[in-house]
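Just so it is clear, none of the values below were taken in a lab; they were calculated from the coordinates. What you see is a predicted model; the values in this text were computed from it and never measured. With ideal geometry, Cβ positions are generated from the backbone for all residues, glycine too; neighbour counts draw on all protein chains shown.
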Amino acid sequence: MLTRLLPLFLALGCTPDLEATDTDTGTPTPDPYPTVEVPWETCSATIGEHACNFKLVDHHDEPYQLYEHYGERAVVIDLSAMWCAPCQMAASEVQAVQDQFGDQIVYTTILIENVSGDDPTDIDAKYWAQVFEIDAPVINSNRDFLIDYPLSSWPTFYYVDQDMVIREIHTGFNAFLLEQAINDML
């Protein structure tokens, strides 16, 4: 039961009170998510407010949390479904956008549904990254992620500046609007 809830805890930014251990040695393993101190106490999915942190694992099997970019880089959060044609069009542009803006941004794709409309798996995230030749983070999550990041259509983009403030939200895919929103954020 707890293993089913762990993705929910991580997606919502909570960490269950568990200490992971190395199964070979029985010794505690370090938390893969560094503590990020931030000066605000609340978060929301509203333009002008601080975005909510999330802690997940990307398609490279690396821990990823939004707040690790605080003070360093802006983040584009792309909420996509694998069955969605506009999401696939956006995915075909991800690496070009990441390369264009370099170290100024982190383009982060969060897959919410696989091709069957079910929760995506790690394999789905790896497949998405491979098919669309994406090196930028691709993360599988589920509809519980939408508690903190609601959407009204696929894909939905959140533009979070380096202060972790949401500057813009777009639905649907338009390459020109994507680039313009990033430039405005920077």
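Here are the numbers:
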quantity	calculated
Separation in nanometres of the label points that stand 7 Å from Cα toward Cβ, at ASP163 and LEU186	1.9 nm
Dipole magnitude of region 32-185 about its Cα centre (Cβ charges: Lys, Arg +1; Asp, Glu -1), debye to nearest 20	280 debye
Average Cα contact separation per residue, region 32-185, under 8 Å, 6 or more apart, as relative contact order %	29 percent
Residue-wise HN-Hα coupling along region 48-65, computed from phi with Karplus coefficients 6.51, -1.76, 1.60 (Hz; x: Gly, Pro)	x, 9, 6, 5, 7, 6, 9, 10, 9, 10, 8, 5, 8, 6, 9, x, 9, 9
Protection-proxy order for peptides 100-113, 140-153, each taking the mean of Cβ atoms within 10 Å per residue, highest first	100-113, 140-153
Where a label projected 7 Å from the Cα of LYS126 along Cα→Cβ would reach, residues of region 58-83 with amide N under 13 Å	58-62
Antiparallel bridges, percent of DSSP beta bridges restricted to region 32-185 (to nearest 5)	60 percent
Difference of contour (0.36 nm per residue) and Cα-Cα distance, SER116 to GLN100	2.5 nm
Descending Cα extents along the principal axes, region 32-185, whole Å	40, 34, 28
Relative exposure of TRP128, TRP83, TRP154, judged by other C-beta atoms within 10 Å (fewest first)	TRP83, TRP154, TRP128
